[in-house]
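Working notes, beginning with the structure itself.
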Amino acid sequence: MAAEPWAGAHASAAAASSVALEAAELTALAEADSTLLDGLREDRCESAARLLLQADFMLCATGAGMSVGCGMSTYRTYSSTGEESAARVGGSSGDDGDSDYAGPLYEALASAETLRLDPASFHAFMCSFFNDAQEARRTAGYRTLRAWQDCLFSSGHAFTFTSNVDGMHLREGFAWVFECHGSKMRWQCSKPCRDEVWDLLLYPSFRFPSARPAKRRRLQEQDEAPSAEDSGAAAEGAAAEGAVAEDAAAEGGGLTEAVGENSPTSAAASAARFVGQFDVGDATPPAPSCPHCSSAARPAVLLFGEDYASRHEAGGQAEEWAAWKQWVLDALAADRSKRLVVIEIGAGTAVPSVRDAGESLLRRAGSRQCTLVRINPTPMLGDNTTDGVLSIKWGAEAAIAHINECVRKLARESVD
């Protein structure tokens, strides 16, 4: 029997109606979940504080939402000259996008294809990011996270996993850090001609002259004078910068070969030569290039459209992370009374590396020995109902500050 001619259209309309109803139900459920989390966030901060005080191991896992307080952007749209043009939804910042903007997006500029086809735009974008990061000031949240690791856990029992490429954790002095996507604060040869990275964090005063000036940003601590610790670190960095530059100037290109191509001393000398190429006075500054082969230079960061083999790791970070993770899992398996707490902050789903790292540990250790504290102002559906996940709907700085207040209160109560 032939189907009625209207049957196909009727079935399609019914299917579309079902999909729309399902989407509406999911939206309503997400809104109800979000409202519930609004009322629970202070109590959950206290629960997170208890977990920190009771845990034997801590993983701090940070995404783009951790850097927002420093004035850094998450995914942004940029013009080909590196100017920020409009916000784009991404990471976990919750910024509203400008749907009318037709310029190149972050993913296009931070790509291997742009480096190959349009190196001027690539370098304008990367140099601008570097200058912004150098100008950015670390927030109280970074200092608090480091204090938790240093004061609440034994040496080596805390680790930091981050997808951020702005070097903030290393500048704050975190002992063990894995920057899973690399860092735009370290550069390398784009070929590459050798297995070497140039750490520009050694040069706190360096800025790329060809990039636009870094913007002034309204930060929470903009009216505070630099701390004695920050001033001391800057002075030490400047002294190191001068010493390495003098060595490089005295030895010239022969220093690399004399000390060994891939040695730390060689990398430091190469960094000095890389920075030195921009000391051209009033002349037009050159495009960033390798001090060894003169090929284009690039940040040692994972670009869109390439695999991890295209960039160099710094100081064995990946190996340290793998070893620490296995050591913790072995310790938990050997002693069922041991506990691991994962503090995940500002990690979205656009590039889920950070969320995946914490969730992987939770799955392998089990919810009886591991709790994932997920701090995000825009939680995802299911975060509030997943076994072993404590979801706190709050921004990074506010949540860290409140958890820290609870830690101090509970610590005082335990003494009394």
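Here are the numbers:
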{"read-out": "Fewest-first ranking of R364, R186, R138, using other Cβ atoms within 10 Å as the exposure measure", "value": "R364, R138, R186"}
{"read-out": "Simple label model, 7 Å out from Cα along Cβ direction - A287 to A120, nm", "value": "0.9 nm"}
{"read-out": "Shape category assigned to the stretch 289-416 from the gyration tensor of Cα positions, a/c cut at 1.5", "value": "prolate"}
{"read-out": "Peptides 54-64, 351-361 ordered by average Cβ neighbours within 10 Å, highest first", "value": "54-64, 351-361"}
{"read-out": "Residue (of G395, L410, W321) at the positive-pole extreme of the stretch 316-416, dipole from beta-carbon charges", "value": "L410"}
{"read-out": "Nitroxide proxy distance, nm - points 7 Å out along Cα→Cβ at T385 and A411", "value": "3.8 nm"}
{"read-out": "Student exercise, the stretch 319-416 dipole from Lys, Arg, Asp, Glu Cβ charges, in Debye to nearest 20", "value": "240 debye"}
{"read-out": "Fewest-first ranking of S414, S270, using other Cβ atoms within 10 Å as the exposure measure", "value": "S414, S270"}
{"read-out": "Residue order, fewest to most surrounding Cβ atoms within 10 angstrom, among M66, M185", "value": "M185, M66"}
{"read-out": "Cβ-derived FRET efficiency at R0 30 Å, A350 paired with L53, nearest 0.05", "value": "0.35"}
{"read-out": "Potential extension, E306-C151 segment - 0.36 nm per residue separation minus Cα distance", "value": "51.9 nm"}
{"read-out": "Inter-label distance, nm, simple model (7 Å from Cα along the C-beta direction), E320/D335", "value": "2.4 nm"}
{"read-out": "Using a Förster distance of 41 Å, the FRET efficiency for R364-L201 (Cβ separation, nearest 0.05)", "value": "0.80"}
{"read-out": "Net charge of Cβ neighbours under 11 Å - reference T349; Lys, Arg +1; Asp, Glu -1", "value": "-1"}
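Each value in this text was obtained by applying a stated rule to the coordinates, not by laboratory testing. What you see is a predicted model, and the numbers here were worked out from it, not measured in a lab. Note that each Cβ is placed from the backbone with ideal geometry, even for glycine, and that neighbours are counted across all protein chains shown.
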